[in-house]
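Following: one structure in structure tokens, then a few remarks.
The values are calculated or read from the model by the stated rules, or taken from the named source; none is laboratory data. All values reported here derive from a predicted model rather than from experimental measurement. Neighbour counts are summed over all protein chains in view; Cβ atoms, including those assigned to glycine, are modelled from backbone coordinates with ideal geometry. Each accessible area value is taken on the protein alone, full model and side chains, heavy atoms only, with ligands, DNA and RNA left out. Shrake-Rupley method; radii C 1.70, N 1.55, O 1.52, S 1.80 Å.
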Amino acid sequence: MKKNILIIGAGGVAQVVAHKCAQNNDILGDLHIASRTEAKCKAILASIKEKNAFKIKGVFKTHTLDAMNVAATTALIRKTKAQIVLNVGSAFLNMAVLSACIEAKAAYIDTAIHEDPFQVCEPPPWYSNYEWPRREECKKASITAVLGIGFDPGVVNAYAALARDDYFDCIDEIDIIDVNTGSHGRWFATNFDPEINFREFTGQVLSWQNRQWTANQMFEIRKDWDLPVVGTRTTYMTGHDEIHSLSQNLDVPNIRFWMGFGKRYINVFTVLNNLGLLSEKPVKTAEGLEVIPLKVVKAVLPNPASLAPDYIGNTCIGDLIKGRKNSKPREVFIYNIADHGEAYAETGAQGISYTAGVPAVAAALLIAKGEWDVKTMVNVEELPPHPFLALLNRMGLPTRIREGKNDKPLTFF
């Protein structure tokens, strides 16, 4: 069994990951959390102690770390004797942290695809640009690297694998739907890192249709869905991480991603984008100061973690899957409903962070126990979904399935 965890990052997702690791430290062993600003790590640890979240008495230490420094990260992994690294910092860190894990022989987990700060919307499939070329390194070093194990990507990939294994003989369409009906009381804010958030939508919208990549513009294609709990909601087709692995790993001709946006978000995004304020390219001010517009926008917006105390409402995220079973047409919606208030009461974080953080800890538990310790690089749909979804049921993200008028929770053994 693998023991000892190093969490890299100290934002909202790290807050959830740290709480959930503490709740399972009887299995995960000693816990460590590191970021450039150790004070943020100490605040997370204080929150855990305040909520008495530890399963058993144990070690939980904080560290200062520049995770872009591969040598420093490698040294910290060795110093802490961490056998599993949970990378929940910026997506810009992924390749550096993966390198350190390969060098130190530690399992690697992340929640989103790697990004180059100076590249937006690279050629599809995105995983082939950075992650997949390093699969042989992981295999040679005998380390497990689980990519994109948040909710989307992550849980939605497992939903697709579950549908493939248990519900369909062939799948024709997967529509991944992500709707947040929560309210945080701010005039405008993003639910996660504004820089990463805006970068998702400033390039082309890439979807997998008729077994080929199809490009559209952001907010070009709209669709309304009648969803459990949250009701009828408007979404827009956009590009997203999971399409890029599912399109290669599953034999499905059509895979799309839909996200809900309010009118205010669309208006603010459109104005900022048209003014060039969402650019990742440096510009010079009249005073000769070089700035990156997108980083300036990030600096003036609320920290997503600060939204948590006032956040109310629900998220609804799931896969609407169409295909055939026993030569008959079939359609199912496999999904989860999360509550912002419940997430905050348990972990001090809002629901978006909760849905991203809990799956990463479930993956760590499965690696620790050997069920997912596959000694190579994988995306979530390449792993058995049942033990993962069973853990999520117990950890606060239960899975439900709607088929026709029948809507029920799913149980796994």
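If you go through the stretch 55-75 and keep only what is hydrophobic (A, V, I, L, M, F, W, C) and closer than 29 Å to L98 by Cβ, you end up with V59, F60, L65, A67, M68, V70, A71, A72, A75.
Need pairs with beta-carbon distance below 6 Å; first residue at positive phi and within the stretch 75-91, second of a type outside the set (S, T, Y) and open to solvent by less than 40 Å² (accessible area, probe 1.4 Å); sequence gap 6+ or separate chains. Short answer, once both residue conditions are applied: K81/N4. A single entry from K79, K61 fulfils the requirement of being surrounded by fewer than 20 Cβ atoms within 10 Å (Cβ to Cβ) and either modelled with pLDDT under 95 or touching a Leu at 6+ places or on another chain (Cβ under 8 Å) (or both): K61. Only strands (runs of 3 or more DSSP E) whose full extent lies in the stretch 92-180 are considered here, and the ones with at least 3 residues that are open to solvent by less than 40 Å² (accessible area, probe 1.4 Å) and not small (G, A, S) are 107-110, 170-180. Taken over the stretch 307-319, the criterion of being open to solvent by 20 Å² or more (accessible area, probe 1.4 Å) and assigned to a strand (DSSP E or B) is satisfied by I312, N314. Among the residues here, K298 qualifies as within 30 Å of G341 (Cα to Cα), touching a Pro at 6+ places or on another chain (Cβ under 6 Å), modelled with pLDDT under 95 and not hydrophobic (A, V, I, L, M, F, W, C).
Considering (1) aromatic (F, W, Y); (2) closer than 20 Å to V85 by Cβ; (3) at pLDDT below 95, the lone condition that F412 does not fulfil carries the number (2).
Restricting attention to the stretch 324-353, the residues that are at positive phi and surrounded by 20 or more Cβ atoms within 10 Å (Cβ to Cβ) total 1.
Among the residues of the stretch 354-364, is any β-branched (V, I, T), in contact with a Phe, Trp or Tyr (Cβ under 6 Å, 6 or more places away or on another chain) and either on the phi < 0 side of the Ramachandran plot or in a helix (DSSP H, G or I) (or both)? Yes; the residues of the stretch 354-364 include at least one that is β-branched (V, I, T), in contact with a Phe, Trp or Tyr (Cβ under 6 Å, 6 or more places away or on another chain) and either on the phi < 0 side of the Ramachandran plot or in a helix (DSSP H, G or I) (or both).
In the stretch 272-295, the qualifying residues are those that are out of contact with any strand residue (DSSP E or B) (no Cβ under 7 Å at 6 or more places or on another chain) and acidic (D, E), and the one that is modelled with the highest pLDDT is E287. The set of residues in the stretch 381-413 that are assigned to a helix (DSSP H, G or I), open to solvent by less than 70 Å² (accessible area, probe 1.4 Å) and either charged (D, E, K, R) or more than 19 Å from F333 (Cα to Cα) (or both) comprises E381, P387, L391, M395.
Counting only strands (runs of 3 or more DSSP E) wholly contained in the stretch 192-300, the ones carrying 2 or more residues that are open to solvent by 40 Å² or more (accessible area, probe 1.4 Å) and in contact (Cβ under 8 Å) with a residue 12 or more places away in the chain occupy 222-227, 231-238. Of the listed requirements (1) at pLDDT 95 or above; (2) aromatic (F, W, Y); (3) out of contact with any strand residue (DSSP E or B) (no Cβ under 9 Å at 6 or more places or on another chain), W225 misses just one: (3).
When the test is whether a residue is open to solvent by 10 Å² or more (accessible area, probe 1.4 Å), within 19 Å of the chain's Cα centre (by Cα) and within 17 Å of V179 (Cβ to Cβ), A356 passes it. Kindly indicate whether A112 is of a type outside the set (D, E), modelled with pLDDT under 95, within 19 Å of H244 (Cβ to Cβ) and touching an Asp or Glu at 6+ places or on another chain (Cβ under 8 Å). Taking the combined requirement at face value, the residue does not satisfy it. Considering (1) touching a strand residue (DSSP E or B) at 6+ places or on another chain (Cβ under 9 Å); (2) farther than 30 Å from D310 by Cα, the lone condition that K369 does not fulfil carries the number (1). Taking (1) in contact (Cβ under 8 Å) with a residue 12 or more places away in the chain; (2) of a type in the set (A, V, I, L, M); (3) open to solvent by less than 90 Å² (accessible area, probe 1.4 Å) in turn, A39 satisfies each apart from (1).
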